Every structure is written in structure tokens, then in C-alpha cells.
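The values are calculated or read from the model by the stated rules, or taken from the named source; none is laboratory data. This structure is a prediction, so every number in the text was calculated from the model and none was measured. Note that we place each Cβ from the backbone using ideal geometry, even for glycine, and neighbour counts take in every protein chain shown. Only protein heavy atoms, including side chains, enter the accessible area calculation; ligands, DNA and RNA are left aside. Shrake-Rupley method; radii C 1.70, N 1.55, O 1.52, S 1.80 Å.
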Amino acid sequence: MKIAIAGTGYVGLSIAVLLSQHHRVTAVDVDPRKVDLINRRVSPIRDAEIERYLAERELDLTATLDGERAYREAQIVVVSTPTNYDPKLNYFDTSSVESVIELVNRVNPDAAIVIKSTVPVGYTEKISAQMGVRNVMFSPEFLREGRALYDNLYPSRIIVGAPQDNDNMQAAARTFAGLLKEGALREDVPVLFTNPTEAEAVKLFANTYLALRVSFFNELDTYAEVRGLNTKAIIEGVCMDPRIGNDYNNASFG
């Protein structure tokens, strides 16, 4: 397949590398330096697996500044552009996502668009209605900076949210999930299909829960320090409960 990726941060570049193992991928960015580095098979970001795959693997991957040409030829366009959050305004700047959607639908309205940028819950359905488009779905990413490709190679799950009343987009969702599984090294990846808003909510509440765990163990660490107790011993004892587990329990991790 011909796939275009808008944005080459941790999300976009890791997806581009993953999919270009088996398909023709064009990565689009506005930064000429990043485009040049990717085309020379040098990673513009610090990620051990991305660096290794670019240097050692045969990837059908090209980077470009020409988004219009890349989107015109693509069957699927993955949007992973920045959506910075302003806590004072309580607002995500989603203008870069909307610019890509607008351009894709102008030059190639038959392409399926997959949003992987962080957006507010309800965004995909809202922007689809506002822009009068029916080819947009949302697939949350669950990646760590610096291990983004590894987390795509060994994903905890794949979730794709597409309009439930659109058979074409339901088929496109299954195709995209299949592409992610094809590129992964883990064989038993669980896959969940939802509507876009439910997929957005999964991303929000997964992040929230992990943040709560980090905050909880930071508080435990403070409690132990104030009272002269052994933090490690307390955490070890708490996490022996299988309902709690031994993940994200490193005090001050966050």
C-alpha cells in the first residue's frame, strides 16, 4: 500500500518505520533538516530502535516537504502532527491536524485519514461534521518517548475508532489495524474496534490512570521519607498484590 505520515515526531516516525517494512511510506514534515536526516537514514530523534532500523533495515521510506504530492498518492494518511495543550486556556491547538485533513480531502478525498495526534474526546466526530468529511478515524498511540518503535513492535493493544455507520471506514479500520499487526513482532496483539469518541476516551483515561499511579507512589515515597521508613520495602510489599502489580511504581518516575 501507499501510506503517507504527517509529522515525524516520536509517533509519526515510529509508525513510518514500522509500516515501511512492508509498504511504501512517505513521511511529511515542515522541517527540511528532519527530512534530510530521514532520507540519509539518520534518526532526527533519540530512539534506539528507530536509529537501528533506519541504519540496518531495508525500509521503503521517503521523507518529503511536499505534503500535497504525498497525500495525493496515498491510500491511507496518518496524522501525527503536534497538538500542544495550553493549561491556561484549557485548549488543544489542533490547527495542524485540521490543515492536514483539509489538504487531504482537497487532493485525495478517497484516502482514509487516521488521527494519531492527541486530541480532546469527541474531536474526531466534531471536526468531521464541521468539515463535512466522512473519511476520518482515530487510533490512540501508547508510546514512550525514546522507545516509540519498540512499543509499536511490541504493542500492548491496537485500538481503532471509526464511524460505526460507515462500512467503508469500518473496512479501512480493519485494514489499518492489520498493517500495525503486520509490522509488529508480537504475535498475539489484542485488537479493539470502537467509534472514534470511545477510542479518544481510552487514550485519555489510560493516561490519567498511569498519571494517578505515578502520583500515588510519589506520595508513598514522601510519606516514607518523612517518617524515616524504607520506601523500597513498602512499595515491594504493596505491589505483591497482583491487583496492583509492579508497573509504574518507581517513585519520582514521572
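Which one of Ser20, Val79, Tyr53 is farthest out on the positive end of the charge dipole of the range 1-117, using unit charges on Cβ (Lys, Arg +1; Asp, Glu -1) and the Cα centre as origin?
Checked the options; the winner is Tyr53.
In the structure shown, do any of Lys181/Lys232; Lys126/Lys181; Lys126/Lys203; Lys181/Lys203; Lys2/Lys34; Lys88/Lys232 have a Cα-Cα gap over 27 Å, and if so which?
The pairs that break the limit, which is 27 Å between Cα atoms, are Lys181/Lys232; Lys126/Lys181; Lys88/Lys232.
When a/c is below 1.5 the answer is rounded, else prolate if a/b is larger than b/c, else oblate, so apply that to the range 84-225 with a ≥ b ≥ c taken from the square roots of the Cα gyration tensor eigenvalues.
Verdict is oblate for the range 84-225.
Just to make sure I understand: if all protein chains stay in place, what is the order of Asp29, Asp93, Asp167 by accessible area at 1.4 Å, largest first?
So, going from the largest accessible area down, we get Asp167, Asp93, Asp29.
Calculated from DSSP H runs of 4 or more alone, at -39500 (n - 2.57) each and per residue, what is the 222 nm mean residue ellipticity of the chain, nearest 500?
Dividing the helical sum by the residues of the chain leaves -14500 deg cm²/dmol.
At a Förster radius of 30 Å, what calculated FRET efficiency corresponds to the Cβ-Cβ distance of Tyr223 and Met1, to the nearest 0.05?
Values: r = 53 Å, r/R0 = 1.77.
For Tyr223 and Met1, the calculated efficiency is 0.05.
Quick one, which of [x] 17.7, 52; [y] 19.8, 65; [z] 17.8, 64 is the actual Rg and Dmax of the Cα atoms in Å calculated for this model?
Label of the calculated value: [y].
Say each of His22 and Met240 gets a label point 7 Å from the Cα, pointing the same way as Cα to Cβ; how far apart are those two points in nm?
Going from the His22 label point to the Met240 one covers 4.4 nm.
Does the range 160-254 come out rounded, prolate or oblate, given a ≥ b ≥ c as the square roots of the eigenvalues of its C-alpha gyration tensor, rounded meaning a/c under 1.5 and, failing that, prolate meaning a/b above b/c?
Prolate, since a/c reaches 1.5 and a/b exceeds b/c.
The range 154-226 to the range 20-62: how many Å between their Cα centroids?
25
Using protein chains only and a probe of 1.4 angstrom, how many square angstrom of Met1 are accessible, to the nearest 10?
Spelled out: Met1, probe radius 1.4 Å, area about 70 Å².
If R₀ is 30 angstrom, what is the calculated FRET efficiency for the pair Glu98 and Leu210, using the beta carbon separation as r and rounding to 0.05?
The formula returns an efficiency of 0.60 here.
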